[in-house]
Amino acid sequence: MRPHYIILVGAVALLTPATSTSIERDSKVTSVLARSFHTGTNRFLRIHYDDVEERAFGINSIPGVDRFSSYLSKQKLAKYLKNDEDMDVVFTKLKLNTAGEKLFENPKFLDWVKYVDDYNDKNPDKAKSMLLTLLNQYNDEPLSKMLEAAKQVKSTNSIATRLQTEQMNMWKRDDITADELFQIYRLHDGVPAYPAINIWMRYADEFAPGTKTTLFETLQKHYSDNALSQVVIAMMKVPSTEKWAVDLQKQQIRLWLDKLESPENVFKLLMLDKGADNLLANPQFKVWTGYAIEFRKHAPGTQMSVIDTLMKNYTPKNMATIINTAKQNPNTKRMAQYMQADEVKLVETLYVAKVEKIKEEWNQQIRVWLDRMEPPENVFKILKLDKEADNLLANPQMKVWTKYTKKFKDRTKEMHLTVTEGILSDTLLKYYNPEHLATFIATAKKNPNTELMAQYEEAVLVHKKYMAKIKKILVD
C-alpha cells in the first residue's frame, strides 16, 4: 500500500495553489514524478495533462483516483472554456476522434457535450452545433444509427434524441422524402431491422416533407403480398422490431379482409404450410384462426374448417404429427382434441384424396402408353401381373390394366386396326397354366367386386384352345 499512498499524495499535491500557475501553462507542459519500487528500481513517469488516464503505473486502478481524474478533467475543460477553445479542437484533445462507433459509450463524450453547451452559453453570438462536429467524424448514415442506439441508453438518451432531432431537421431542409430515406437505409432489401426502421419511423412520422406515409404503405410499394407477409413474420422474431411487426400485421389482415382473401390463401401467406412441427403452437396459427372467424362474418355461408385447410396442405403422416404434438402442449391440447373429434371425416377425406390422386397418376400413365400404342401384353408385364396367380383379378393393378386394354381397343378401332377381342384371356394363357387360372377364377368368383369379371373370363376361357382341361378342373 505504501507506493500507492505516495503516488496519491503526489497527485493531490499537483492541485495545490502552489502548482496552479504550472497548470495554467500550455497543456503539453509536463511534470516528472519519481516512484520507488520495492525492488529499489526508480522509474520516471511523465504525467500528460491531456491524457492522465494513460499513465504507465496504472493510476486508474488506485482507489479514489477516478474522482481525482474527474476533477482534473473539469479543470482542463474550465481552462479550455476560459480560452474559448473551438469545440472541434476540444473533441480531438479529449481523443474522442478515435472512439469510433463507441463514441457515446465514452465518458468523455458527456464532458464534451457539457463543454459545448457551456461554450454556447458563454458565446451566444458564436454558438455552434455539436452535430456538425460529429458529421466531420462520421458519415450521415452510420451516425444516425449510433444516435438511435444511444437513445436506448438512459445516460445518453437526452443528448442522442436532441442530436437526432437536429439531424432529421437537416434532412427535412434538404427535402429528403420518407421513401428516399427508406431506400437510403435499404429497408426494401430483406427484413427491415433495428436501428434503421426506428430512424425511418420517427422521420416519416415527425419530419418528412409532403404527404404523410405509413410504414405499411411504404413496404407495399416494395414487396408483394406474400413477400411482405414473410418480412413481417421475420420482424416478429426480433425483439427490436416486434412491436412494428404486430402493427404491420394488423394492417395487413384488414387489407386481406377488405379484399376477402380466402382463409386457404391466408394460411399460406402466414407460412403455415411450411412445417408440421408444433404447428398449433405457432403464433401465426392463432392469427389465422382469428382471420378465418372474421372472414366468415364478412362472407356469410362460407364453408371452411380447420381440418379441411390442414388436410389440403399436409399429408396424413404430417397430420398425425400435428395432432400428437399438440396433445402434449397444455396450450394446444384443446385444439388437438377438437381436431381429433373430426378424425373419421379426416381419415375418409384423406383416403378419398389419396385414391383420387393415384387414379390421376395412373390416367396420366395410361395416356403415355396409348400415345406409343404399347401392346397390352407388355403393359401386363410392366404392372407385374405375370407374377401373381392368387387373387389376381382383385389386384388393383388389374383394374389399371383392364382400363388400358379397353382404351387400347377403342384406339385401334379408331385407327381401323384389327385387335383380338379376348385380350385378357389370351394374355392369361401366356403366363399361367390351367391350374393357376382355375385357382384365381374360383377365388375371384367368391369376391363380389370381382365375381362378374371372373364369370366373364371363365366363359371366354372355356371356348379357348386347351380349356377343356380347365373346365374339368373347375367342375371338380
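Quick note: the coordinates plus some simple rules give every number you see, no bench work behind them. Because the structure is a prediction, the values reported are computed rather than measured. Positions of Cβ are backbone-derived with ideal geometry, glycine not excepted, and every protein chain shown enters the neighbour counts.
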Can you list the lysines whose alpha carbon is less than 25 Å from that of residue 221, not counting same-chain residues fewer than 8 positions off?
145, 172, 212, 237, 243, 250, 259, 268
What is the order of 89, 400, 232, fewest Cβ neighbours within 10 Å to most?
89, 400, 232
How far apart, in nm, are two points set 7 Å out from the Cα along the Cα-to-Cβ line at residue 378 and at residue 217?
6.7 nm
Relative to the present Cα-Cα distance, how much length would full extension add between residue 180 and residue 293 at 0.36 nm per residue of separation?
36.8 nm
Using label points projected 7 Å from each Cα along Cα→Cβ, tell me how many nm separate residue 201 and residue 170, to one decimal.
2.4 nm
Take the residue pairs 297/327; 407/446; 82/122; 357/403; 82/102; 381/409 and return only those whose Cα atoms are more than 21 Å apart.
297/327; 407/446; 82/102
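For residue 338 and residue 426, compute 0.36 nm times the residue count separating them, minus their Cα-Cα distance, and round to one decimal in nm.
Full extension of this stretch gives 26.2 nm more.
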For residue 120 and residue 157, extending 7 Å from Cα along the Cα-Cβ vector and measuring point to point gives, in nm, a value of 2.1 nm
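Given a Förster radius of 25 Å and the C-beta distance between residue 88 and residue 193 as r, what FRET efficiency does 1/(1 + (r/R0)^6) yield to the nearest 0.05?
0.15
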